[in-house]
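Beneath this line is the structure, given in structure tokens, with notes to follow.
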Amino acid sequence: MEAKVSINTAYAPSEDVVARSIHGELIIIPITSGIGDAEGEIFTLNETGQAVWNKLDGKRSLKDLAKELASEFEGSAKEIEKDVLGIVNELVKRRMIVKSSRN
């Protein structure tokens with residue numbers, strides 16, 4: 001059963017992956033088998049995904065993270081919250097980020 005992502009919860013990168021910026025792309029590479037998906041385990045993030053990833057510190061909730069991003073990017077707070085939840089849902093599903101133990 002998949003865990004439901006909550007806007008009021010903090011998330012952080014999994015210890016089972018490493019992320020590297022290469023030529024402007026953020027590439028997430030599993031260091032533990034079974035992370036990622038069946039098509040390929042290396043995962044890349046676009047500019048929006050990178051902005052979210054860089055703020056996933058396990059301390060601030062996704063709601064606070066979205067508010068911060070709203071001040072940096074164009075778009076309504078609701079649109080940005082929706083984008084953040086979409087990205088985080090995908091990363092949680094792939095087990096590349098985890099719910100913070102501070103929650």
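The values are calculated or read from the model by the stated rules, or taken from the named source; none is laboratory data. Remember, predicted model here, so these are calculated numbers, not experimental data. Neighbour counts run over all protein chains shown; Cβ positions are idealised from the backbone, glycine included.
So, residue 72, is that one among the acidic types (Asp, Glu) and touching a helix residue (DSSP H, G or I) at 6+ places or on another chain (Cβ under 8 Å) or not?
Spelling it out, residue 72 is indeed among the acidic types (Asp, Glu) and touching a helix residue (DSSP H, G or I) at 6+ places or on another chain (Cβ under 8 Å).
Restricting the search to the stretch 40-76, which residues are in a loop (DSSP other than H, G, I, E, B), within 17 Å of residue 89 (Cα to Cα) and touching a residue at least 40 places away in the same chain (Cβ under 8 Å)?
56, 57, 58, 60, 61
Can you confirm whether residue 90 is surrounded by 14 or more Cβ atoms within 10 Å (Cβ to Cβ), modelled with pLDDT under 95 and not in a loop (DSSP other than H, G, I, E, B)?
Yes.
Is it the case, given these coordinates, that residue 52 is closer than 14 Å to residue 6 by Cα, surrounded by 12 or more Cβ atoms within 10 Å (Cβ to Cβ) and at pLDDT 95 or above?
No.
Going by the conditions given, is residue 75 at positive phi, modelled with pLDDT under 95 and not acidic (Asp, Glu)?
It is true that residue 75 is at positive phi, modelled with pLDDT under 95 and not acidic (Asp, Glu).
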